[in-house]
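What follows is a set of notes on a single structure, which appears directly below.
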Amino acid sequence: MLKELRVDPDKCTHCKTCAYVCFTNVIEWDEEGEIPYAKYPLDCQVCCICEAACPEEALTVIPDWSKKYFPRYISTMGGSDV
Ligand code: SF4
Ligand code: SF4
């Protein structure tokens, strides 16, 4: 789970690479602010691919370690996602 997708607006060049590489589609593009944001933070797998792919090192993934992880995965394995 994602606590925060931190973007440095001074470094971001609006290339949208982070949004393209996120395989869970957590990251959406804010057309008005011209900046990426986490639309579906619960789906984040904390793979940090987006962070690694950012050519400007403008992105930082801040995980939320306080919550139970991978709710969709757990639910598909027959466990509880409460
Ligand atoms: S850490 Fe992985 S799953 Fe989470 S927003 Fe970045 S690319 Fe998507
Ligand atoms: S990959 Fe980096 S520079 Fe490109 S839009 Fe995302 S945060 Fe901005």
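The numbers here are math on the coordinates, done by the rules we state, and not lab data. Treat the numbers as computed from the prediction; the structure is a model and nothing was measured. So basically every Cβ, Gly included, is an ideal-geometry build from the backbone, and we count neighbours across all protein chains shown.
For the stretch 26-64, the set of residues classified as aliphatic (A, V, I, L, M) and part of a loop (DSSP other than H, G, I, E, B) consists of V26, V46, A58, listed by residue number. Close Cβ contacts (under 6 Å, 6 or more residues apart or on different chains) running from residues in the stretch 5-24 that are farther than 11 Å from L59 by Cα to residues that are charged (D, E, K, R) and within 15 Å of ligand 1 (Cβ to nearest atom) comprise T24/D43.
Within the stretch 46-58, residues that are in contact (Cβ under 8 Å) with a residue 12 or more places away in the chain sit with their Cβ atoms under 9 Å from residues that are among the aliphatic types (A, V, I, L, M) and assigned to a loop (DSSP other than H, G, I, E, B), at 6+ positions apart or across chains, in these pairs: V46/M1; C50/V26. Scan the stretch 25-50 for residues that are under 15 Å from I62 (Cβ atoms), more than 6 Å from ligand 1 (Cβ to nearest atom) and among the hydrophobic types (A, V, I, L, M, F, W, C) and jot them down. Listed by number, the residues that qualify are A38, L42.
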